[in-house]
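Okay, so here's the structure we're looking at.
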Amino acid sequence: MSGRWRSCSQAQASERVVALYDDRRSVEDEVESMQVVHIDDVPVEEVWSRLEKDPGSVLIDVRTRAEWAFVGLPDLERLGKRVLTVEWQTSPEARIDAAFPERLTKVLDAAGANKDSELFFICRSGGRSRMAAEAMANAGYRRCWNVADGFEGPLDPDRHRGQIAGWKAAGLAWVQS
């Protein structure tokens with residue numbers, strides 16, 4: 001065996017495999033137990049407008065820390081707001097974080113948002129953010145929306161993002177660290 005498994009006995013390795021499998025099953029069971037909730041897409045320009053008009057509305061970026069650092073973040077400074085950042089998946093494993101609803105609820109509470117606040121979820125292109133919005137709708141948040149095409153949108157013909165749709169392509173404010 002190689003890597004972190006090298007110093008394990010066969011029994012220890014078996015226990016680790018079982019624990020990893022059980023952890024994966026618990027996340028899958030959690031996802032399966034959720035009610036089916038329909039989340040609508042909202043175009044990025046409309047999201048900006050609604051964030052501007054509704055002081056209680058919130059933009060939640062569910063990408064990874066690496067994406068925030070290297071790709072950039074929406075910048076809401078002109079609106080007197082900040083983006084809330086909570087990862088939907090752990091990195092680098094890309095495993096859905098089963099504690100996401102609880103973690104985001106704490107962040108929302110600290111930001112003064114409640115279950116009637118308008119919540120807009122954004123990721124790279126709209127997939128993870130839709131799942132995150134569904135999870136929060138299942139947690140009782142009544143106004144969850146997915147940001148259409150996300151921060152970077154789909155690939156263009158040259159296989160680059162951020163050119164044809166999404167937050168960046170729309171020319172909305174963003175920053176990079």
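The values are calculated or read from the model by the stated rules, or taken from the named source; none is laboratory data. Remember, it's a predicted structure, so these values are computed and weren't measured experimentally. Cβ placement follows ideal geometry from the backbone for every residue including glycine, while neighbour counts extend to all protein chains displayed.
Looking only at segment 47-67, which residues are surrounded by fewer than 19 Cβ atoms within 10 Å (Cβ to Cβ) and modelled with pLDDT of 95 or more?
Of everything in segment 47-67, those that are surrounded by fewer than 19 Cβ atoms within 10 Å (Cβ to Cβ) and modelled with pLDDT of 95 or more turn out to be Ser49, Arg50, Glu52, Lys53, Asp54, Pro55, Gly56.
Can you pull out the residues in segment 83-110 that are part of a loop (DSSP other than H, G, I, E, B) and over 17 Å from Gly140 (Cα atoms)?
Answer for segment 83-110, where residues must be part of a loop (DSSP other than H, G, I, E, B) and over 17 Å from Gly140 (Cα atoms): Val83, Val86, Glu87, Trp88, Thr90, Ser91, Pro92, Glu93, Ala94, Arg95, Asp97.
Working carefully through the options Pro101, Pro157, find the one that is free of Cβ contacts under 8 Å to residues at least 60 places away in the same chain and over 17 Å from the mean Cα position of the chain (by Cα).
Pro157
Restricting attention to segment 82-98, which residues are out of contact with any strand residue (DSSP E or B) (no Cβ under 7 Å at 6 or more places or on another chain) and either of a type in the set (Gly, Ala, Ser) or in contact (Cβ under 8 Å) with a residue 24 or more places away in the chain (or both)?
Across segment 82-98, the qualifying residues are Glu87, Ser91, Ala94, Ala98.
For Glu152, state whether it is in contact (Cβ under 8 Å) with a residue 60 or more places away in the chain and in a loop (DSSP other than H, G, I, E, B).
Spelling it out, Glu152 is indeed in contact (Cβ under 8 Å) with a residue 60 or more places away in the chain and in a loop (DSSP other than H, G, I, E, B).
Residue by residue through segment 97-124, note down the ones that are surrounded by 20 or more Cβ atoms within 10 Å (Cβ to Cβ) and either over 23 Å from Ala66 (Cβ atoms) or touching a Pro at 6+ places or on another chain (Cβ under 8 Å) (or both).
Passing the criteria: Leu108, Ala113, Glu118, Leu119, Ile122.
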